[in-house]
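The values are calculated or read from the model by the stated rules, or taken from the named source; none is laboratory data. Values in this document were obtained by computation on a predicted structure and should not be read as measured data. Here the Cβ is made from the backbone with ideal geometry for all residues, glycine too, and neighbour counts use every protein chain on show. The accessibility values were calculated without ligands, DNA or RNA, using every heavy atom of the protein model including side chains. Shrake-Rupley method; radii C 1.70, N 1.55, O 1.52, S 1.80 Å.
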Amino acid sequence: MKKRGLAIAAISAAGALLWLGVDRQLPPVPVLPLAIDTLSPAPVEPVRLRDESELFRAAAERAWGYVERHIEPGSGLVRTVPDYPVATVWDIASGLAALLSAHELDLIADSALDVRLNQMLQTLTDIPLFDRAAFNKTYATTDGRMLARDDSASARGFGWSAIDLGRLLVWLRITAERQPGHAAAVERVVSRLDLSRIVRDGYLHGEDLDRRGRSRVYQEGSLGYEQYAARGFALWGHRAERALSLATNGEALELLGEPILVDRRPRSCLTSEPFVLEGLELGWSDDAAKLAGAVLRVQQARFRMTGELTMASEDASTQPPFHFYYYCLHADAGPFEIARSVTLVGEEGAVLAGPGRGDVLRITARDVTVRGFTIRGTGTSLDQENAGITGLADRIRILDNELDDV
């Protein structure tokens, strides 16, 4: 459910880099003992870094300028996209992170921080909850109204995201620790939530409404995001032990010649962002540090093979159907997958490059069109019948694509 504007991400990251240098009273939450023997503890390839403090400072100042221009006067919430007055709970947490990070960077004074924190925390105290248990998935940034799935005002809402709530809990704990004058207000916000409905049987659970308005409860999170969010709940005394452990659903394999741990469950996506956030905001456990290093080594291997960098976060389409896209090292058995009805048109020179194993593109949804790509880099297994494009649904159109080395 998460969604975030780049400006808030930039100032949060820049502030968190400084965060590591201050005397934090926020030790990492211990996770279950785990020996990930398949991952090497060796560091990633050493590189010579130039002093980029001025670059980060300029980025933070520009990002904070965006945040200041888009703080809603009626709620204190931040528009992550200028013309879209809707915020997920992940967005709200990122706005809180931006405020605290700007203060750590001396971009706003104590008095300005107090005013803005007071307003944001009061909004979180007043806005309605879904089923009187947790923050709804989305709210109007203008006044904190609860929204339905189609962004219309709703008295009921349509569910909660455990992952988004976990990020908010991380930053509420940081707020209480770093700004003790606001600790009581933070406690009032957290006390509104029925965390026992979210943390059950060792896992985090999301809940939403189906098309008929019936409640649906499900385990939420995959390797990376699951552990990061679970640490947020643990900071408030609700430990989801299976979600905290990388071993519970981790499976070892080799990706681009590098050993790594992936999620064995379907519909999973291994990406950089949760490891970056956990390291900056909370500090890694030993096992999380190993996996974060493995993720980076795979990305380095991809760069050596293709010359392409890997984004650390998600992206979003500004054209219909307005999907969010995750830049995954490994997703649900490997290949790039199209799981929703969509038309993808490649610009001149667009390439879908596989790692030399498995399929490159797998289509599991109806009514998909793929046009104008060069597709290369399949596996060579005859038993698995690896292909450049594998279609597993009806009404798939493959037009004007070039297959190279498949």
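Working carefully through the options GLU337, GLU347, find the one that is among the charged types (D, E, K, R), modelled with pLDDT of 75 or more and either within 30 Å of ASP91 (Cβ to Cβ) or outside any loop (DSSP other than H, G, I, E, B) (or both).
Details: GLU337 fails: modelled with pLDDT of 75 or more.
Exactly one of GLU337, GLU347 is among the charged types (D, E, K, R), modelled with pLDDT of 75 or more and either within 30 Å of ASP91 (Cβ to Cβ) or outside any loop (DSSP other than H, G, I, E, B) (or both), namely GLU347.
Yes/no per residue for (1) within 30 Å of ASP150 (Cα to Cα); (2) aliphatic (A, V, I, L, M):
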site: GLY202; (1), (2): no, no
site: GLN219; (1), (2): yes, no
site: TYR228; (1), (2): yes, no
site: ARG231; (1), (2): no, no
site: TRP236; (1), (2): no, no
site: THR248; (1), (2): no, no
site: LEU261; (1), (2): no, yes
site: SER268; (1), (2): yes, no
site: LEU280; (1), (2): no, yes
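Take the conditions (1) farther than 22 Å from LEU280 by Cβ; (2) open to solvent by 10 Å² or more (accessible area, probe 1.4 Å); (3) modelled with pLDDT of 95 or more; TRP236 misses just one of them, which is (1).
Looking at ASP143, ASP126, ASP131, just one residue is under 24 Å from ALA234 (Cα atoms), open to solvent by 10 Å² or more (accessible area, probe 1.4 Å), modelled with pLDDT of 95 or more and over 24 Å from the mean Cα position of the chain (by Cα), and that residue is ASP131. Of the conditions (1) farther than 20 Å from LEU121 by Cβ; (2) within 17 Å of the chain's Cα centre (by Cα), TRP160 satisfies every one except a single condition; which number is it? Only one criterion is unmet by TRP160, namely (1). Restricting to the stretch 33-74, and then to whatever is farther than 22 Å from ALA301 by Cα and in contact with an Asp or Glu (Cβ under 6 Å, 6 or more places away or on another chain), can you tell me which residue is modelled with the highest pLDDT? The selected residue is GLY74. Total residues in the stretch 246-267 satisfying the condition of being in contact with a helix residue (DSSP H, G or I) (Cβ under 9 Å, 6 or more places away or on another chain) and on the phi < 0 side of the Ramachandran plot: the figure is 11. Scanning the stretch 53-72 for residues that are open to solvent by 70 Å² or more (accessible area, probe 1.4 Å) and either out of contact with any helix residue (DSSP H, G or I) (no Cβ under 9 Å at 6 or more places or on another chain) or of a type in the set (A, V, I, L, M, F, W, C) (or both) returns GLU54, LEU55, PHE56, ARG69. Only one of the numbered conditions (1) surrounded by 20 or more Cβ atoms within 10 Å (Cβ to Cβ); (2) modelled with pLDDT of 95 or more is not met by THR80, and that is (2). Taking the criterion of being touching a helix residue (DSSP H, G or I) at 6+ places or on another chain (Cβ under 6 Å) and assigned to a helix (DSSP H, G or I), would at least one residue in the stretch 123-131 satisfy it? Yes, the stretch 123-131 has at least one match.
When LEU296, LEU277, LEU291 are checked against the criterion of being assigned to a helix (DSSP H, G or I), open to solvent by 50 Å² or more (accessible area, probe 1.4 Å) and either over 30 Å from ILE375 (Cβ atoms) or in contact with a Phe, Trp or Tyr (Cβ under 9 Å, 6 or more places away or on another chain) (or both), LEU296 stands alone in meeting it.
Scan the stretch 185-199 residue by residue and report those that are free of Cβ contacts under 8 Å to residues at least 40 places away in the same chain and either of a type outside the set (Ser, Thr, Tyr) or touching a Lys or Arg at 6+ places or on another chain (Cβ under 8 Å) (or both).
GLU187
Here is a yes/no grid of residues against (1) open to solvent by less than 10 Å² (accessible area, probe 1.4 Å); (2) part of a helix (DSSP H, G or I); (3) under 29 Å from ALA289 (Cα atoms):
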| residue | (1), (2), (3) |
| --- | --- |
| ARG156 | no, no, no |
| LEU165 | yes, yes, yes |
| ALA176 | no, yes, yes |
| GLY181 | no, yes, no |
| ALA184 | no, yes, no |
| VAL189 | yes, yes, no |
| ALA229 | yes, yes, yes |
